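*Asks:* One structure coming up, written as C-alpha coordinates, with questions to follow.
The values are calculated or read from the model by the stated rules, or taken from the named source; none is laboratory data. On a predicted model such as this, the values are computed, not experimentally measured, just so you know. Positions of Cβ are backbone-derived with ideal geometry, glycine not excepted, and every protein chain shown enters the neighbour counts. Note: areas computed on protein heavy atoms with side chains; ligands, DNA, RNA excluded. Shrake-Rupley method; radii C 1.70, N 1.55, O 1.52, S 1.80 Å.
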Amino acid sequence: MAILQRLPAPDPKALEARGRAISDHFVTRMEPIINILEAKQIPGVRENTNDKTWLTDRNAKAEDSEFLSDAMKGRPSFLARIDDDFRALGRVIWDERAVSAAADLLLPLLDVSERTCFGYYGHQYRTMQYAEILLNKRSMSNRSMTDAEQAAQLLGALMHDIGKAAVPGEVLRIKGKLSDPEKELVNLHPSHGKSILLAAFASLAEAGTHIAYGDVIIDIAFSHHERYGDTGGYPLGIRGTEISVGARITGFCDAMDSMTTNRIYDRHPKTFKQAKIEAVRKLNKHFNGTIVVDFLRAAKTNEVTKIILDIIKSAGAMPEQAPQRDLIQSK
Ligand SMILES: [Fe+2]
Ligand SMILES: [Fe+2]
(Lines give C-alpha, C1' and ligand atoms only; values in the text may rest on other atoms or scores of the structure.)
(Ligands and ions follow the chains in the order given, each with its own letter.)
Protein backbone atom coordinates (compact mmCIF):
# COMPACT_ATOMS: atom_id res chain seq x y z
CA MET A 1 0.00 0.00 0.00
CA ALA A 2 1.10 3.54 -0.63
CA ILE A 3 2.36 5.05 2.59
CA LEU A 4 2.18 8.61 1.34
CA GLN A 5 -1.38 9.18 0.28
CA ARG A 6 -0.89 12.27 -1.81
CA LEU A 7 -3.84 14.61 -1.75
CA PRO A 8 -4.60 16.81 -4.76
CA ALA A 9 -2.22 19.78 -4.73
CA PRO A 10 -3.76 22.78 -2.95
CA ASP A 11 -4.00 26.19 -4.52
CA PRO A 12 -0.41 27.16 -5.53
CA LYS A 13 -0.71 30.58 -3.88
CA ALA A 14 -1.81 29.03 -0.58
CA LEU A 15 1.02 26.50 -0.81
CA GLU A 16 3.55 29.24 -1.44
CA ALA A 17 2.26 31.37 1.46
CA ARG A 18 2.53 28.38 3.80
CA GLY A 19 6.05 27.66 2.55
CA ARG A 20 7.08 31.24 3.35
CA ALA A 21 5.68 30.88 6.87
CA ILE A 22 7.62 27.62 7.29
CA SER A 23 10.79 29.34 6.11
CA ASP A 24 10.32 32.11 8.71
CA HIS A 25 9.69 29.47 11.35
CA PHE A 26 12.99 27.77 10.51
CA VAL A 27 14.85 31.02 11.18
CA THR A 28 13.27 31.36 14.62
CA ARG A 29 14.00 27.70 15.42
CA MET A 30 17.63 27.79 14.39
CA GLU A 31 19.31 29.22 17.49
CA PRO A 32 18.05 26.64 20.03
CA ILE A 33 18.91 23.86 17.60
CA ILE A 34 22.44 25.13 17.13
CA ASN A 35 22.79 25.36 20.90
CA ILE A 36 21.79 21.71 21.26
CA LEU A 37 24.25 20.66 18.58
CA GLU A 38 27.03 22.73 20.12
CA ALA A 39 26.35 21.25 23.54
CA LYS A 40 26.72 17.79 21.97
CA GLN A 41 29.85 19.01 20.17
CA ILE A 42 28.89 18.38 16.56
CA PRO A 43 31.68 20.17 14.71
CA GLY A 44 31.03 22.50 11.81
CA VAL A 45 27.31 23.10 12.13
CA ARG A 46 27.48 26.61 13.52
CA GLU A 47 30.03 27.72 10.95
CA ASN A 48 27.79 26.49 8.18
CA THR A 49 24.62 28.12 9.42
CA ASN A 50 26.40 31.45 9.58
CA ASP A 51 28.12 30.88 6.31
CA LYS A 52 26.89 33.24 3.64
CA THR A 53 29.98 33.09 1.47
CA TRP A 54 28.29 30.97 -1.18
CA LEU A 55 26.48 34.09 -2.31
CA THR A 56 29.82 35.29 -3.63
CA ASP A 57 31.36 31.87 -4.01
CA ARG A 58 34.59 31.72 -5.91
CA ASN A 59 33.04 28.93 -7.94
CA ALA A 60 29.81 30.75 -8.75
CA LYS A 61 29.60 31.73 -12.38
CA ALA A 62 27.41 34.23 -14.14
CA GLU A 63 25.76 31.49 -16.19
CA ASP A 64 24.35 30.02 -13.00
CA SER A 65 22.27 33.07 -12.22
CA GLU A 66 19.52 32.34 -14.73
CA PHE A 67 19.36 28.71 -13.62
CA LEU A 68 19.18 29.81 -9.99
CA SER A 69 16.57 32.50 -10.46
CA ASP A 70 14.37 30.00 -12.34
CA ALA A 71 14.95 27.55 -9.54
CA MET A 72 13.98 30.08 -6.87
CA LYS A 73 10.48 30.57 -8.19
CA GLY A 74 8.79 27.65 -6.56
CA ARG A 75 10.91 27.16 -3.45
CA PRO A 76 8.34 28.09 -0.79
CA SER A 77 5.77 25.68 -2.17
CA PHE A 78 8.48 23.01 -2.22
CA LEU A 79 9.15 23.61 1.49
CA ALA A 80 5.43 23.10 2.15
CA ARG A 81 5.58 19.78 0.29
CA ILE A 82 8.46 18.55 2.45
CA ASP A 83 6.62 19.66 5.58
CA ASP A 84 3.44 17.84 4.47
CA ASP A 85 5.24 14.59 3.62
CA PHE A 86 7.35 14.62 6.79
CA ARG A 87 4.23 15.00 8.94
CA ALA A 88 2.24 12.43 6.94
CA LEU A 89 5.03 9.86 7.42
CA GLY A 90 5.49 10.85 11.06
CA ARG A 91 1.79 10.24 11.79
CA VAL A 92 2.21 6.60 10.75
CA ILE A 93 4.72 5.97 13.57
CA TRP A 94 4.37 8.76 16.13
CA ASP A 95 1.55 10.42 18.04
CA GLU A 96 0.57 13.96 17.11
CA ARG A 97 2.68 15.56 19.86
CA ALA A 98 5.79 13.64 18.73
CA VAL A 99 5.09 14.54 15.09
CA SER A 100 5.04 18.22 15.85
CA ALA A 101 8.07 18.05 18.20
CA ALA A 102 10.04 16.08 15.58
CA ALA A 103 9.02 18.42 12.74
CA ASP A 104 9.97 21.42 14.84
CA LEU A 105 13.46 20.08 15.44
CA LEU A 106 14.31 17.97 12.41
CA LEU A 107 12.97 20.10 9.54
CA PRO A 108 15.09 23.14 10.49
CA LEU A 109 18.02 20.74 10.80
CA LEU A 110 17.43 19.64 7.22
CA ASP A 111 17.45 23.33 6.41
CA VAL A 112 21.01 23.64 7.73
CA SER A 113 22.27 21.21 5.12
CA GLU A 114 20.34 23.09 2.44
CA ARG A 115 21.96 26.36 3.50
CA THR A 116 25.37 24.74 3.45
CA CYS A 117 25.03 23.82 -0.18
CA PHE A 118 21.79 24.40 -2.03
CA GLY A 119 20.36 21.32 -3.65
CA TYR A 120 20.21 18.93 -0.70
CA TYR A 121 16.51 19.35 -0.07
CA GLY A 122 15.85 18.28 -3.61
CA HIS A 123 18.33 15.43 -3.49
CA GLN A 124 16.97 14.10 -0.21
CA TYR A 125 13.37 14.53 -1.32
CA ARG A 126 13.92 12.69 -4.61
CA THR A 127 15.81 9.92 -2.78
CA MET A 128 12.67 9.51 -0.67
CA GLN A 129 10.48 9.48 -3.80
CA TYR A 130 12.58 6.66 -5.30
CA ALA A 131 12.41 4.77 -2.01
CA GLU A 132 8.62 5.11 -2.10
CA ILE A 133 8.46 3.55 -5.57
CA LEU A 134 10.72 0.73 -4.42
CA LEU A 135 8.84 0.04 -1.18
CA ASN A 136 5.51 -0.07 -3.03
CA LYS A 137 6.97 -2.61 -5.44
CA ARG A 138 8.50 -4.64 -2.62
CA SER A 139 5.23 -4.80 -0.74
CA MET A 140 3.54 -6.01 -3.94
CA SER A 141 6.25 -8.65 -4.31
CA ASN A 142 5.59 -9.89 -0.77
CA ARG A 143 8.90 -8.58 0.49
CA SER A 144 6.73 -6.44 2.62
CA MET A 145 7.38 -4.37 5.68
CA THR A 146 4.78 -3.01 8.01
CA ASP A 147 3.46 0.46 7.28
CA ALA A 148 5.40 1.73 10.28
CA GLU A 149 8.66 0.23 9.00
CA GLN A 150 8.04 1.72 5.56
CA ALA A 151 7.34 5.16 7.02
CA ALA A 152 10.59 4.98 9.01
CA GLN A 153 12.50 3.97 5.85
CA LEU A 154 11.08 6.95 3.98
CA LEU A 155 11.88 9.38 6.80
CA GLY A 156 15.42 7.97 6.85
CA ALA A 157 15.72 8.49 3.08
CA LEU A 158 14.43 12.07 3.46
CA MET A 159 17.08 12.82 6.10
CA HIS A 160 19.94 10.63 4.91
CA ASP A 161 22.38 13.46 4.14
CA ILE A 162 21.57 15.59 7.18
CA GLY A 163 25.24 15.20 8.21
CA LYS A 164 26.26 17.45 5.30
CA ALA A 165 25.25 20.26 7.66
CA ALA A 166 28.54 19.69 9.50
CA VAL A 167 30.74 19.55 6.39
CA PRO A 168 32.33 22.91 5.50
CA GLY A 169 30.22 24.66 2.86
CA GLU A 170 33.24 25.71 0.84
CA VAL A 171 34.12 22.05 0.36
CA LEU A 172 30.56 21.03 -0.60
CA ARG A 173 30.40 23.85 -3.13
CA ILE A 174 33.54 22.90 -5.01
CA LYS A 175 32.74 22.18 -8.61
CA GLY A 176 34.57 19.25 -10.12
CA LYS A 177 37.00 16.77 -8.62
CA LEU A 178 37.83 16.90 -4.93
CA SER A 179 41.32 16.44 -3.51
CA ASP A 180 41.83 13.53 -1.10
CA PRO A 181 41.64 15.73 2.05
CA GLU A 182 38.47 17.37 0.70
CA LYS A 183 36.97 13.94 -0.01
CA GLU A 184 37.77 12.87 3.55
CA LEU A 185 35.82 15.86 4.89
CA VAL A 186 32.78 15.05 2.72
CA ASN A 187 32.96 11.37 3.62
CA LEU A 188 32.53 12.27 7.28
CA HIS A 189 28.89 13.22 6.60
CA PRO A 190 27.39 9.81 7.56
CA SER A 191 29.15 9.98 10.94
CA HIS A 192 28.08 13.61 11.39
CA GLY A 193 24.54 12.60 10.44
CA LYS A 194 24.50 9.95 13.14
CA SER A 195 25.82 12.45 15.73
CA ILE A 196 23.33 15.13 14.72
CA LEU A 197 20.33 12.79 14.82
CA LEU A 198 21.45 11.22 18.10
CA ALA A 199 21.70 14.71 19.61
CA ALA A 200 18.31 15.70 18.20
CA PHE A 201 16.53 12.56 19.43
CA ALA A 202 18.24 12.82 22.83
CA SER A 203 17.04 16.39 23.25
CA LEU A 204 13.49 15.35 22.29
CA ALA A 205 13.68 12.49 24.81
CA GLU A 206 14.92 14.90 27.51
CA ALA A 207 11.84 17.00 26.80
CA GLY A 208 9.65 13.91 27.22
CA THR A 209 9.15 12.89 23.57
CA HIS A 210 10.51 9.51 22.56
CA ILE A 211 10.93 9.16 18.81
CA ALA A 212 10.10 5.57 17.87
CA TYR A 213 12.15 4.17 14.97
CA GLY A 214 14.85 6.77 15.66
CA ASP A 215 17.42 3.96 15.45
CA VAL A 216 16.24 3.07 11.92
CA ILE A 217 16.53 6.69 10.77
CA ILE A 218 19.98 7.08 12.36
CA ASP A 219 21.20 3.86 10.78
CA ILE A 220 20.16 5.04 7.31
CA ALA A 221 22.04 8.34 7.79
CA PHE A 222 25.09 6.42 9.04
CA SER A 223 25.26 3.50 6.60
CA HIS A 224 23.89 4.69 3.24
CA HIS A 225 27.39 4.82 1.66
CA GLU A 226 28.35 1.24 2.51
CA ARG A 227 28.58 -1.13 -0.48
CA TYR A 228 26.64 -4.36 -0.70
CA GLY A 229 29.25 -6.40 -2.58
CA ASP A 230 32.56 -5.24 -1.17
CA THR A 231 34.15 -3.40 1.71
CA GLY A 232 34.88 -0.24 -0.30
CA GLY A 233 32.08 1.82 1.25
CA TYR A 234 32.27 4.08 4.27
CA PRO A 235 32.34 4.84 7.19
CA LEU A 236 32.76 1.23 8.37
CA GLY A 237 33.38 -0.76 5.17
CA ILE A 238 30.71 -3.32 6.10
CA ARG A 239 29.03 -5.38 3.35
CA GLY A 240 26.05 -7.59 2.46
CA THR A 241 23.51 -8.19 5.17
CA GLU A 242 25.72 -6.41 7.71
CA ILE A 243 24.17 -3.33 6.11
CA SER A 244 20.54 -2.82 7.18
CA VAL A 245 17.83 -3.12 4.51
CA GLY A 246 16.97 0.56 5.03
CA ALA A 247 20.53 1.70 4.39
CA ARG A 248 20.73 -0.55 1.31
CA ILE A 249 17.49 0.91 -0.06
CA THR A 250 18.52 4.51 0.58
CA GLY A 251 22.03 3.84 -0.76
CA PHE A 252 20.58 2.67 -4.08
CA CYS A 253 17.97 5.45 -4.32
CA ASP A 254 20.63 8.02 -3.39
CA ALA A 255 22.80 6.78 -6.26
CA MET A 256 19.86 6.86 -8.73
CA ASP A 257 19.32 10.53 -7.95
CA SER A 258 23.01 11.40 -7.93
CA MET A 259 23.42 9.84 -11.37
CA THR A 260 20.44 11.53 -12.98
CA THR A 261 20.54 15.05 -11.61
CA ASN A 262 22.26 18.30 -12.14
CA ARG A 263 24.51 18.53 -9.08
CA ILE A 264 26.88 21.33 -8.25
CA TYR A 265 29.88 19.07 -8.78
CA ASP A 266 28.54 17.43 -11.94
CA ARG A 267 26.52 19.20 -14.57
CA HIS A 268 26.43 16.16 -16.85
CA PRO A 269 23.65 13.97 -15.49
CA LYS A 270 22.90 10.57 -16.96
CA THR A 271 19.61 9.82 -18.67
CA PHE A 272 17.33 7.33 -16.92
CA LYS A 273 18.31 4.71 -19.50
CA GLN A 274 22.02 5.26 -18.78
CA ALA A 275 21.35 5.18 -15.01
CA LYS A 276 19.53 1.83 -15.36
CA ILE A 277 22.52 0.39 -17.25
CA GLU A 278 24.85 1.67 -14.50
CA ALA A 279 22.60 0.16 -11.79
CA VAL A 280 22.74 -3.24 -13.51
CA ARG A 281 26.53 -2.92 -13.92
CA LYS A 282 26.85 -2.38 -10.17
CA LEU A 283 24.25 -5.02 -9.22
CA ASN A 284 25.52 -7.04 -6.27
CA LYS A 285 28.68 -4.92 -6.30
CA HIS A 286 27.64 -1.52 -4.98
CA PHE A 287 23.95 -2.36 -4.75
CA ASN A 288 21.88 -5.24 -3.40
CA GLY A 289 20.66 -7.16 -6.49
CA THR A 290 17.14 -7.71 -5.15
CA ILE A 291 16.71 -3.98 -4.63
CA VAL A 292 17.94 -3.13 -8.13
CA VAL A 293 15.70 -5.78 -9.71
CA ASP A 294 12.64 -4.63 -7.70
CA PHE A 295 13.22 -1.04 -8.76
CA LEU A 296 13.78 -1.86 -12.43
CA ARG A 297 10.68 -4.09 -12.46
CA ALA A 298 8.63 -1.28 -10.95
CA ALA A 299 10.07 1.11 -13.53
CA LYS A 300 8.78 -1.09 -16.36
CA THR A 301 5.17 -0.06 -15.89
CA ASN A 302 4.21 3.04 -17.86
CA GLU A 303 2.73 4.73 -14.84
CA VAL A 304 5.92 4.38 -12.77
CA THR A 305 8.21 5.25 -15.70
CA LYS A 306 6.29 8.50 -16.05
CA ILE A 307 6.67 9.24 -12.31
CA ILE A 308 10.42 8.57 -12.50
CA LEU A 309 10.86 10.75 -15.58
CA ASP A 310 8.94 13.52 -13.81
CA ILE A 311 11.23 13.18 -10.77
CA ILE A 312 14.30 13.38 -13.01
CA LYS A 313 12.85 16.32 -14.92
CA SER A 314 12.14 18.11 -11.67
CA ALA A 315 15.79 17.79 -10.68
CA GLY A 316 17.16 19.97 -13.45
CA ALA A 317 15.88 23.37 -12.39
CA MET A 318 13.57 22.93 -9.48
CA PRO A 319 13.14 25.04 -6.38
CA GLU A 320 15.35 22.71 -4.43
CA GLN A 321 18.31 23.75 -6.56
CA ALA A 322 18.11 27.31 -5.33
CA PRO A 323 20.04 28.99 -2.55
CA GLN A 324 17.84 30.21 0.26
CA ARG A 325 18.34 33.84 -0.51
CA ASP A 326 15.03 34.90 1.03
CA LEU A 327 15.81 33.07 4.27
CA ILE A 328 19.32 34.45 4.59
CA GLN A 329 18.34 38.01 3.76
CA SER A 330 15.57 37.94 6.32
CA LYS A 331 18.08 37.42 9.15
FE1 LIG B 1 25.32 10.73 1.50
FE1 LIG C 1 22.74 11.51 -0.70
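*Asks:* Which far-off residues, 5 or more places away or on another chain, put their amide H under 5 Å from the one on Phe287, with H placed in the peptide plane?
*Replies:* Sorted by chain and number, the residues that satisfy this are Tyr228, Gly229.
*Asks:* Quick one: what are the phi-derived ³J(HN,Hα) couplings along the range 270-283, Karplus 6.51/-1.76/1.60 with θ = phi - 60°, whole Hz, x for glycine and proline?
*Replies:* 7, 6, 4, 4, 5, 5, 5, 4, 5, 4, 5, 4, 9, 4
*Asks:* Still on this structure: What ranking, highest mean first, results for peptides 301-307, 92-98 when packing means the other Cβ atoms within 10 Å averaged over each residue? Please list the in-between numbers first.
*Replies:* Numbers: 301-307: 11.6, 92-98: 16.4.
My ranking of the peptides, most packed first, is 92-98, 301-307.
*Asks:* Keeping all protein chains in place and using 1.4 angstrom, which order do His160, His25 fall into by accessible surface area, from largest down?
*Replies:* Details: His160 0, His25 75 Å².
Ranking His160, His25 by accessible area, largest first, yields His25, His160.
*Asks:* Run through the range 201-294 and list the trypsin sites (Lys or Arg not before Pro) located in a DSSP loop whose Cβ has at most 14 other Cβ atoms within 10 Å. Walk me through the numbers before you get to the answer.
*Replies:* Values: sites: Arg227, Arg239, Arg248, Arg263, Arg267, Lys270, Lys273, Lys276, Arg281, Lys282, Lys285; in loops: Arg227, Arg239, Arg267, Lys270, Lys282, Lys285.
For trypsin sites (Lys or Arg not before Pro) across the range 201-294 that sit outside H, G, I, E and B with at most 14 neighbouring Cβ atoms in 10 Å, the list reads Arg267, Lys285.
*Asks:* So what is log10(I(q)/I(0)) for the range 170-323 at q = 0.10, 0.16 1/Å, when the Debye sum runs over its Cα atoms only?
*Replies:* Each listed q maps to, in turn, -0.43, -1.08.
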